[in-house]
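Student: If you scroll down you'll find the structure; I have some questions about it.
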Amino acid sequence: NADTVAGEIASALKAKKLIILTDVPGVLANLEDEGSLLKEIRKEEVNKLIEEGVVRDSMIPKLKSCVRALDGGVERAHIIDGRVKHSILLELFTDEGIGTMVR
């Protein structure tokens, strides 16, 4: 899985951030509601979100990759919508960001 590899590379390179681009706004509490974006998740919450079915399908490997990267020394991980113009800049250089930050 490309997400898994990205997390491993970020750890190996001692990167400060891991940024995963996807085709949704980030991690959603309700897949039917793009307004339900979870702006920030602590890595300790990830397994609970998966067990409760809040996170499922292709978002699971993305979040697990973020956790592995954080455990490997990466400071922050971000899951953002790559369809949005300038999405990386908006996530990194605005106070509100546009995706989900995992810390």
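No lab work stands behind these numbers, since they all come straight from the coordinates. Given the structure is predicted, the values throughout are model-derived calculations rather than measurements.
Student: Would you mind checking which residues have amide H under 5 Å from D81's amide H? H placed 1.01 Å from N; only 5 or more apart, or other chain.
Tutor: When sequence neighbours closer than 5 places are left aside, the close amide H contacts are T22.
Student: Quick one, what does Rg over Rh come out to for the range 52-103 if you take C-alpha atoms and the Kirkwood Rh?
Tutor: 1.00
Student: Then there is this: Restricting to Cα pairs below 8 Å that are 6+ residues apart, what does the relative contact order work out to for the range 2-102? Please round to a whole percent.
Tutor: After rounding, I find 41 percent.
Student: What number do you get for the range 22-71 when its Cα radius of gyration is normalised by 2.2 N^0.38 Å, N = residues?
Tutor: 1.06
Student: A further question follows. Please compute the length gained on full extension between D95 and E40, using 0.36 nm multiplied by the number of residues separating them and subtracting their Cα-Cα distance.
Tutor: The D95-E40 span can extend by a further 18.6 nm.
Student: Next question. Output ³J(HN,Hα) for the range 34-42: one whole-Hz value per residue in order, computed from phi by the Karplus curve 6.51 cos²θ - 1.76 cosθ + 1.60 with θ = phi - 60°, and x for Gly and Pro.
Tutor: Values, residue by residue: 5, x, 8, 4, 8, 5, 8, 10, 7 Hz.
Student: Of the listed values [x] 10.8; [y] 8.3; [z] 6.0, grab the one calculated as mean projected area of the Cα convex hull in nm² from the structure here.
Tutor: [z]
Student: When the helices in the chain are scored as -39500 (n - 2.57) per DSSP H run of 4 or longer and the sum is shared across all residues, what 222 nm value do you end up with, to the nearest 500 deg cm²/dmol?
Tutor: -10000 deg cm²/dmol
Student: Using the Karplus curve 6.51 cos²θ - 1.76 cosθ + 1.60 with θ = phi - 60°, what ³J(HN,Hα) values do you get for each residue of the range 46-52, in whole Hz, with x for Gly and Pro?
Tutor: Ordered by residue, 3J(HN,Hα) equals 4, 4, 5, 4, 6, 4, 7 Hz.
Student: Could you check what % of the DSSP bridge pairs in the chain are antiparallel, to the nearest 5?
Tutor: 35
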